[in-house]
Amino acid sequence: MAQDKVDIFDTTLRDGEQVPGCKLDATSKLAIAARLDELGVDIIEAGFPISSPGDFKAVEDISKLVKNARVCGLTRAVEKDINVAAEALQHAKRPRIHTGIGTSDSHIQYKFKATREEVLERAYKAVKHAKSFVEDVEFYAEDAGRTDNEFLARVCEKVIEAGATVLNIPDTTGYCLPDQYGTKIKYLIDNVKGIENATISCHCHNDLGLATANSIAGAINGARQIECTINGVGERAGNTALEEIVMVLRQHSHLNLDTNIDATLLNDTSRMVSESMGMPVQPNKAIVGANAFAHSSGIHQDGVIKKRETYEIINPADVGVDESAIILTARSGRAALAYRAKNIGFELDKKQLDKVYLEFLRVADIQKEVNDKDLPLIIKASNI
Ligand code: KIV
Ligand code: ZN
């Protein structure tokens with residue numbers, strides 16, 4: 001069965017970069033944008049042009065540079081923001097303006113001190129205005145995760161009427177459960193007039209660690225764009241991680257959903273973004289963490305050495321990792337020790353291995369990890 005395409009909207013340079021500690025200089029922004037284009041993302045959100053002259057210039061430069069992806073600039077539902085974004089995007093081959101407004105009662109009451117009707121009107125006007133500059137206009141209903149579904153459907157209908165091509169349904173606070181978020185997307189598909197003329201987009205934050213699960217639930221229920229960042233960087237606990245979305249869809253091909261991403265570039269892109277931002281990736285991060293393909297317990301090591309798939313669902317080469325790592329610690333067994341010794345040129349028979357293993361445990365109980373430099377010394381000290 002043919003796979004349905006899910007567009008990948010990367011917001012590393014906007015939602016990711018706006019976080020304290022993740023600021024990028026102009027050269028790094030351009031290098032990351034070029035890499036995202038090579039990676040195969042469909043849309044690059046390059047920045048929030050009205051926010052600063054630096055961000056304006058970044059969006060302008062990225063617009064000139066990017067060859068394949070759409071380039072997108074964020075705005076509030078404010079005329080001046082939209083004018084500035086249109087100007088910053090003027091050299092883009094395929095420009096997109098991303099405009100929107102908070103739609104939850106809490107945003108309407110406390111942030112805007114407005115009414116639902118006023119918000120509807122502002123949303124409509126913003127999309128109409130953006131449409132006077134570009135064909136491709138994405139509307140975000142901020143805090144859609146906590147917005148009443150009936151009102152959200154009215155907002156969506158109104159902005160489609162104004163010409164929105166993509167409807168972004170952000171779970172801005174990372175509040176939803178996958179089931180709630182999926183149901184919300186389905187509700188919109190079933191209840192919004194004209195929805196067949198627009199793409200629904202998931203934009204999930206990770207406050208409860210559910211950003212990826214929620215985005216996947218959205219896609220299962222009909223969304224065809226997912227907004228994400230490399231390494232999941234983003235406000236507070238972050239955004240949906242691009243690498244997780246790509247590999248969840250690849251691993252579960254029965255969903256018949258796929259992206260255009262060249263997954264073999266994922267590991268290197270993760271490292272590039274982490275180094276440019278000075279934001280380390282947690283070692284146990286899915287797909288791109290240093291331990292994502294490392295095995296340290298004896299039982300797991302024995303299984304992986306016999307057949308990699310016993311404890312790995314992803315072939316490391318598929319995401320650009322050279323090979324699985326067998327880490328030697330005090331929890332390792334003889335199989336791992338023999339394997340690592342063989343890798344550096346020591347073939348040990350059973351008797352030799354038993355002796356070396358005793359010495360290995362003595363050292364491993366003292367050290368956190370035993371490395372290739374320690375091994376010859378351990379073998380020598382074993383008197384085999
Ligand atoms: O999380 C959010 O709601 C956003 C919007 C500005 C799209 O980042
Ligand atoms: Zn966001």
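Here, each number is a calculation from the coordinates, and none is a lab measurement. What you are looking at is a predicted structure, and each value in this text was computed from that prediction instead of being measured. Every residue, glycine as well, gets a Cβ built from its backbone with ideal geometry; the counts of neighbours run over all protein chains shown.
Remarks
- For the options Lys131, Lys306, Lys80, a Gaussian network treatment of the chain with springs between C-alpha atoms closer than 10 Å singles out Lys306 as fluctuating the most.
- Note on Tyr311 and Glu275: their simple-model spin labels are 2.9 nm apart, each label 7 Å out from Cα toward Cβ.
- Ordered by the number of other Cβ atoms lying within 10 Å of each residue's own Cβ, fewest first, Ile101, Ile379 fall into the sequence Ile379, Ile101.
- Entries of Lys93/Lys131; Lys306/Lys351; Lys23/Lys184; Lys80/Lys113 with Cα pairs more than 26 Å apart: Lys23/Lys184
- Phi angles across the stretch 205-215 convert, under the Karplus curve 6.51 cos²θ - 1.76 cosθ + 1.60 with θ = phi - 60°, into 3J(HN,Hα) values of 9, 10, 4, 10, x, 10, 4, 5, 4, 5, 5 Hz, Gly and Pro given as x.
- Net length gained if the chain between Asp258 and Asn149 were fully extended (0.36 nm per residue, minus Cα distance): 36.5 nm
- For Asn260, residues with placed amide H under 5 Å, excluding near neighbours: Ile8
- Cα-based Kirkwood hydrodynamic radius, the chain, one decimal, Å: 22.6 Å
- Hydrodynamic radius of the stretch 294-381 by the Kirkwood approach over all distinct alpha-carbon pairs: 13.4 Å.
- Choice from Asp148, Asp37, Asp81 with maximal GNM fluctuation in the chain (Cα, 10 Å cutoff): Asp148
- Bridge type composition, the chain - antiparallel percent by DSSP, nearest 5: 5 percent
- FRET efficiency for the Tyr110 to Lys57 pair, using the beta carbon distance and R₀ = 41 Å, is estimated at 0.75.
- Our coupling estimate for the stretch 188-204, obtained by passing each phi through the Karplus curve with A = 6.51, B = -1.76, C = 1.60 and θ = phi - 60°, is 5, 4, 7, 10, 9, 5, x, 4, 5, 9, 9, 9, 8, 10, 9, 9, 10 Hz, Gly and Pro reported as x.
- Its Cα centre serving as origin, the stretch 294-381 has a Cβ charge dipole (Lys and Arg +1, Asp and Glu -1) of approximately 380 debye.
- Rg over Rh, two decimals, the stretch 22-108 (C-alpha only, Kirkwood Rh): 1.01
- Hydrodynamic radius of the stretch 234-384 per Kirkwood, over alpha carbon pairs, in Å: 17.4 Å
- Built amide H within the under 5 Å cut-off of Ser382, gap 5+: none
- Residue of Thr310, Thr199, Thr172 that the Gaussian network model of the chain assigns the largest fluctuation, springs spanning Cα pairs under 10 Å: Thr310
- CD proxy at 222 nm, helix term only [per DSSP H run n ≥ 4: -39500 (n - 2.57); per residue of the chain; nearest 500]: -12500 deg cm²/dmol
- The stretch 324-369 shape via C-alpha gyration tensor axes, a/c threshold 1.5: oblate
- Note on the stretch 4-277: dipole from Cβ charges, positive end direction compared against Asn168, Ile226, Ser274; the farthest Cα belongs to Asn168.
- Charged side chains reduced to their Cβ positions (Lys and Arg at +1, Asp and Glu at -1) give the stretch 4-277 a dipole of some 460 debye around its Cα centre.
- With respect to the chain, whose longest principal axis is taken over its alpha-carbon atoms, helix 149-162 is tilted by about 70°.
- Phi to ³J(HN,Hα) by Karplus 6.51 cos²θ - 1.76 cosθ + 1.60 over the stretch 111-120, Hz, x for Gly, Pro: 7, 9, 6, 10, 10, 4, 4, 5, 5, 4
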